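Okay, structure first, notes after.
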């Protein structure tokens, strides 16, 4: 059965093993932030990716306080309670947010791995052969499916090439209660919108860019892993914008729970598309396993008491347990063992019921948290970044609107003169000219080519 590929965002693959050891897959599904102490950071990234296996874990940002240097991936249990603090280039720190556009299938192959347009089969079986030869039928169906995927690849690659990044501010969902980093329902996202000189914060949707939202360049970085080509996008976090970000007015809050929008984008809509494929679709089993893994991760992160109670369809609870136990194998490209029996097990009515149950539990949890005494202290302004898949061609707009990644971990932006700013080693003060050269190297390949007229 022909269908368009399922596309989503994930952290770069060298970080999957560490993220899969967390109690949920939140960090595997979100952009990571890399930290550097030099403006010439691209050779550092290149050296990490040339290792076997490619490594980025040693570059992941950590909370740095009091001038003490700290960098590298931390297990979930060792993460500090305080958010990241990102310092300024004048404080000798530079940050890249990184995220990968992948297709939702075992192994999460990159979007760039979709096949190039294929030629027609050398021999198309005639009607009599198709009637009696099952192998010929399957071969022709496979060729048609591959050609169909190729057409979608050709249409989606321009969207990948136009990927970008947005910076959003977090504001308290309830003005009388501070943000609690352990409770995503305690905050809402604001988008930086408007024209230069007349910009400000506005309410932001969780599944797409806000109208007029400022987009930051995201550039592609390619590497090889286990002999297979992979790619992720990177964006420079504009820490130097802190003063105008903080000075802008914060609009009044809305009552929406951001977790519901995340559930709709990551679970409900993929499930409905999966139900439309039908149980006889060859790709449905692999895609289904990844959708169920996303559902298991969502429940473990936000509604852990509900994870074992999805029993209105008998296979569902067992599937959630199975894909979670096999998550490392699925991320490495394996198929669920035993296979998930999809026949009649995913219907629109079941998805409606799942959505209703999750919505009710999110609303009850949100109300409970609002009634409890506030435990979180007042905080410095917090921000997140998200990646945006560029708009697909007009013909595909109904199927692929701008696709937004999950939000990164919240972070603070340090002020000028921050007492905890790191100090560079003697003789290693960054030169502004070198920083400009580094940025020029990154931006030049993404800028449109301008043809110059020859002088007569």
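The values are calculated or read from the model by the stated rules, or taken from the named source; none is laboratory data. Bear in mind the structure is a predicted one, so any value in this text is a computation, not a measurement. We place every Cβ from the backbone using ideal geometry, glycine too, and count neighbours over all the protein chains shown.
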When residues of the stretch 69-84 are limited to those that are farther than 30 Å from residue 326 by Cβ and touching a residue at least 40 places away in the same chain (Cβ under 8 Å), the one surrounded by the most Cβ atoms within 10 Å (Cβ to Cβ): 84
Within 27 Å of residue 237 (Cβ to Cβ), surrounded by 11 or more Cβ atoms within 10 Å (Cβ to Cβ), out of contact with any helix residue (DSSP H, G or I) (no Cβ under 8 Å at 6 or more places or on another chain) and modelled with pLDDT under 70: does that describe residue 386? no
Please state which one of 30, 47, 19 is crowded, with 18+ Cβ neighbours inside 10 Å and without any contact (Cβ under 8 Å) to a residue 40 or more places away in the chain. 19
Inspect the stretch 190-204 for any residue being in a loop (DSSP other than H, G, I, E, B), at pLDDT below 90, over 17 Å from the mean Cα position of the chain (by Cα) and closer than 11 Å to residue 258 by Cβ and give the result as yes or no. no
Among the residues of the stretch 199-212, is any within 24 Å of residue 45 (Cβ to Cβ) and in contact (Cβ under 8 Å) with a residue 24 or more places away in the chain? no
Tell me which residues, restricted to the stretch 33-44, are within 25 Å of residue 10 (Cβ to Cβ) and touching a residue at least 24 places away in the same chain (Cβ under 8 Å). 33, 34, 35, 36, 41, 42
With the requirement that a residue be under 21 Å from residue 30 (Cβ atoms) and either under 20 Å from the mean Cα position of the chain (by Cα) or in a helix (DSSP H, G or I) (or both), what does the stretch 241-263 give you? 245, 257, 258, 259, 260, 261, 262, 263
Assess whether residue 229 counts as being assigned to a strand (DSSP E or B), modelled with pLDDT under 90 and more than 21 Å from residue 97 (Cβ to Cβ). yes
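One line per residue, one yes/no per condition, for (1) more than 26 Å from residue 89 (Cβ to Cβ); (2) in contact with a strand residue (DSSP E or B) (Cβ under 8 Å, 6 or more places away or on another chain); (3) loosely packed, with under 15 Cβ neighbours inside 10 Å:
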| position | (1), (2), (3) |
| --- | --- |
| 228 | yes, no, yes |
| 231 | yes, yes, no |
| 237 | no, yes, no |
| 242 | no, yes, no |
| 249 | yes, yes, yes |
| 252 | yes, no, yes |
